[in-house]
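Novice: Okay, here's the structure, questions in a sec.
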Amino acid sequence: MFGDPYNFDEYVERRNTDSFKWDMVIYNYGDDVIPAWVADMDFKSPQTVVDQLKRRIEHGIFGYTFRSTDYYNAIIQWYKKRYDAKINKEWIVNGPGVVPMLSFLINSLTQPGDKIIIQPPVYPPFFRVVLNNGRQLVENRLVKRDGRWQMDYDDLEKLIDNRTKMIIISNPHNPVGRVWSEEELRKLYDIALKHGLIIISDEIHADIIYKPNQFTTMLKIGTENVVILNSPGKTFNIAGLTNSYGVIPDKRLRVAYKNYLESLELLTGNVLSLEALKAAYKSEDWVDQLVEYLKSNRDFAYGFITKNLPLTKLTLPEGTYLMWIDCSKLKIENPQRYFLEHARVYLNDGQEFGDPQAVRLNFACPRTLLEEILRRLKGAYEKALTIEHFNLPDERYEICRKIRYYVFVKGQSIDEKLEQDGKDNEAVHFLCKHFSEYVATARIRDIGTHWKVERVAVLEEYRGMGYGKKIMETIEEYIKTTNPKPIVLNAQLEVRDFYEKLGYEAISDIFIEAGIQHVKMEKRTF
Ligand SMILES: Cc1ncc(COP(=O)(O)O)c(C=O)c1O
């Protein structure tokens, strides 16, 4: 299916190349930190792009530029081939980057004090370009429904008034990775049209789409009041060449934008960026393989984080090489700083996107580097788990009782009196804390021939995340190092499998205790 394979596994040293992603982080935080933040990739651009740049450099003259028919045709062809959209040459406008173009569009198409809508959590410059240009920022936050990020159309309609002039969308959406469907875009377009809003659709991530998802450019929905922004910067890792383009079919908007650009005297571009775009937009095969590689990184990172950092919540990105990780259940003030300090991995801080409890991971790097990043994140996550043991009196005992109350009295309707144990002072108590939350407890007592494990309780919202296993392992370790002998416990029937997996065997018939079926189990390791 593909031509020559490309080597995305190659590790390319980026330190000391004036890389924002690498050198800024190293400068500020040290050489041991791995950056996984700003959206550029740790892969080389396609060789065809590099060769074209070399040829142009060899020419030796780098005077003012003129964008040729070849340049415009490259863009027209790309939209045709990759997004099945027909654009006319005269619709294309230029700029020195998608973000600067956003700022120019705001200035040329709206007035100071006008309202502009964005959809957080979203790419931080969307906030800045609105606020720094003296416009009012209006947040139409995305909502997570049925585990999928969605636009909130009802909220959107409510937010619009006669000062609202523009909405800026990200498609695919950075950071949540949604590839907006035709139907979703049409709904948005209809609302915008009804209220006379200009839609700016930032499509810079449009080439990084994972099947079966399909990218729909806003141009295919409608052309009235629509502005598309794009650049080969993300796809071909040439963002540092600072070039971008827009597609504005609507003449009134296009003329206003072009006049504004003229007023800034920003009419010529960077000569190398023009060569790069022309060569890049011939490298379809490279993009197809890049997306395959990124898809496998995406699946790997998603599987790893889901399994090893189960308190975090994430959705599988449909597009982009960015993963949005909700850390709210860790209940820590600043997850980005936590992972910087404890994992030595630099992620994007969700605060800048409008959600301080999230971080954004960039997985566009060789697999070995991604593995190291994830291994470090796992280490930092596990480091926050402690299991302490103590005897009475100890103030931690009240916390153990509270957990048992939630699990047994509230959760299983067991009589509260049964929860009171006059002999708790003869037991050793275990308390498991992860980040700032107490999540599980258990107690053990020496009954002569055996140790008896009792009242293993994991709070409901923390079940299925390995805490039960961790607490049992800690108990066994304690027994092994203090007074090794077999362990017995009365397991509720529904957790029999769990204990069997840990090496316990049933040694009794089923019996009823506190109205619940139990079975006595034993482990004779010691
Ligand atoms: C949604 C979005 N728009 C724009 C950009 C940057 O565009 P440019 O470098 O052309 O200003 C990024 C980079 O991360 C992005 O994610």
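Novice: Would you mention how many residues in the range 266-295 are aliphatic (A, V, I, L, M) and within 30 Å of the chain's Cα centre (by Cα)?
Specialist: Of the residues in the range 266-295, 7 are aliphatic (A, V, I, L, M) and within 30 Å of the chain's Cα centre (by Cα).
Novice: Quick one: Asp326 ticks every box in (1) at pLDDT 95 or above; (2) more than 10 Å from the chain's Cα centre (by Cα); (3) not hydrophobic (A, V, I, L, M, F, W, C) except a single one, so which number is it?
Specialist: For Asp326, the exception is condition (2).
Novice: Output the residues belonging to the range 24-47 that are surrounded by fewer than 15 Cβ atoms within 10 Å (Cβ to Cβ) and either within 15 Å of the ligand (Cβ to nearest atom) or of a type in the set (S, T, N, Q) (or both).
Specialist: The answer is Asn28, Gln47.
Novice: Taking the options Met24, Met101, name whichever one is part of a helix (DSSP H, G or I), closer than 22 Å to Ser273 by Cα, aliphatic (A, V, I, L, M) and out of contact with any helix residue (DSSP H, G or I) (no Cβ under 7 Å at 6 or more places or on another chain).
Specialist: None of the others qualify; the one that does is Met101.
Novice: How do the pairs read when you match residues in the range 26-55 that are within 27 Å of Asp349 (Cα to Cα) and assigned by TED's automatic domain parsing to the domain that holds Tyr293 with residues anywhere that are more than 16 Å from the ligand (Cβ to nearest atom) and of a type in the set (Lys, Arg), using Cβ under 6 Å and keeping only pairs 6 or more apart or on different chains?
Specialist: Every condition considered, the pairs that remain are Asp32/Arg344; Val33/Arg344.
Novice: Taking Asp394 and the conditions (1) touching a Gly at 6+ places or on another chain (Cβ under 9 Å); (2) over 30 Å from Arg141 (Cβ atoms); (3) surrounded by fewer than 20 Cβ atoms within 10 Å (Cβ to Cβ), which numbered condition does it fall short on, given that it satisfies the others?
Specialist: Going through (1) touching a Gly at 6+ places or on another chain (Cβ under 9 Å); (2) over 30 Å from Arg141 (Cβ atoms); (3) surrounded by fewer than 20 Cβ atoms within 10 Å (Cβ to Cβ) one by one, Asp394 breaks only (1).
Novice: Check Gly147 against each of (1) under 23 Å from Leu102 (Cα atoms); (2) touching a residue at least 40 places away in the same chain (Cβ under 8 Å); (3) not basic (Lys, Arg) and name the one condition it does not meet.
Specialist: Unmet condition: (1).
Novice: Sticking with this one: In the range 418-455, what residues are in a loop (DSSP other than H, G, I, E, B) and touching a residue at least 60 places away in the same chain (Cβ under 8 Å)?
Specialist: Correct list: Phe435, Ser436, His450.
Novice: Taking the range 495-526 as the region of interest, how many residues are surrounded by fewer than 15 Cβ atoms within 10 Å (Cβ to Cβ) and either assigned to a helix (DSSP H, G or I) or among the hydroxyl-bearing types (Ser, Thr, Tyr) (or both)?
Specialist: Total satisfying the criteria: 5.
Novice: If I filter the range 268-326 down to residues being among the charged types (D, E, K, R), over 30 Å from Pro356 (Cβ atoms) and out of contact with any helix residue (DSSP H, G or I) (no Cβ under 6 Å at 6 or more places or on another chain), which single residue comes out as farthest from the ligand (Cβ to nearest atom)?
Specialist: Out of the qualifying residues, it is Asp285.
Novice: Considering only the range 477-494, I want to know if a residue exists there that is surrounded by fewer than 18 Cβ atoms within 10 Å (Cβ to Cβ) and among the aliphatic types (A, V, I, L, M).
Specialist: yes
The values are calculated or read from the model by the stated rules, or taken from the named source; none is laboratory data. Just so it is clear, the structure is predicted and the values come from calculations on it, not from any experiment. Ideal geometry is used to build each Cβ from the backbone, glycine not excepted, and the neighbour counts take in all protein chains shown.
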